[in-house]
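The values are calculated or read from the model by the stated rules, or taken from the named source; none is laboratory data. As the structure is a prediction and not an experimental result, all values here were calculated from the model. These area figures cover heavy atoms from the full protein model, side chains too; ligands, DNA and RNA do not enter into them. Shrake-Rupley method; radii C 1.70, N 1.55, O 1.52, S 1.80 Å.
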Amino acid sequence: MSNIQSAKKSVQLELAQAKQGRDYYQSRIEALEKALAQLASVDAAALTGTAVTRESAKKQSAGKRATPAQSAKSKGSAAKLPSTGGDFWVDLITDQPQSAADIMNAAFTKLAVTPTKEQKQKLGARMTAALTGLITAKQIKDSGARRERRFFK
């Protein structure tokens, strides 16, 4: 009888671990899909000469809906960040070369937000996607690599 209880407990633990893995990869999928949608918006805006807005990004990802578990996670997270669409990132770039950390600090100053860990991660993902799109669209320039990389107009 104890072998059955032991096996049952083992399967339950394995199931719990598998569900945690599934949740992790689901959140990664969402983040990557969002980054692709943002890049597509920036790319489309560069081709048409229009500004990228949160509404245009929403239209591109309108068919993707969060599951109830994912919605509960996002509702329970820290305060939401204001929109950073349009010219938000372009306006932070100057003629003087700046690191990504400098741009991130300027973004939080402009948003007037004292960032939480989750907000830093979220804004960092937004910034990475935006800077990549702006460089691709040749709206800004960069030099260096990794931590030595600098962005400027």
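Look through the range 95-133, keep the residues that are part of a helix (DSSP H, G or I) and among the acidic types (Asp, Glu), and return whichever of them is farthest from Glu33 (Cα to Cα).
Initially, the range 95-133 is screened for residues part of a helix (DSSP H, G or I), giving 100-111, 117-133.
Now restrict to residues that are among the acidic types (Asp, Glu): 102, 118.
On the way: Asp102: 26, Glu118: 18 Å.
So the residue we want is Asp102.
Sort out which residues of the range 134-153 are in a helix (DSSP H, G or I) and under 16 Å from Met104 (Cα atoms), and write them in order of number. Write out each step before concluding.
Within the range 134-153, the subset in a helix (DSSP H, G or I) is 134-136, 146-148.
The answer is Leu134, Arg146, Arg147, Glu148.
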Of the residues that make up the range 50-69, is at least one at pLDDT 60 or above, open to solvent by 60 Å² or more (accessible area, probe 1.4 Å) and of a type outside the set (A, V, I, L, M, F, W, C)? no
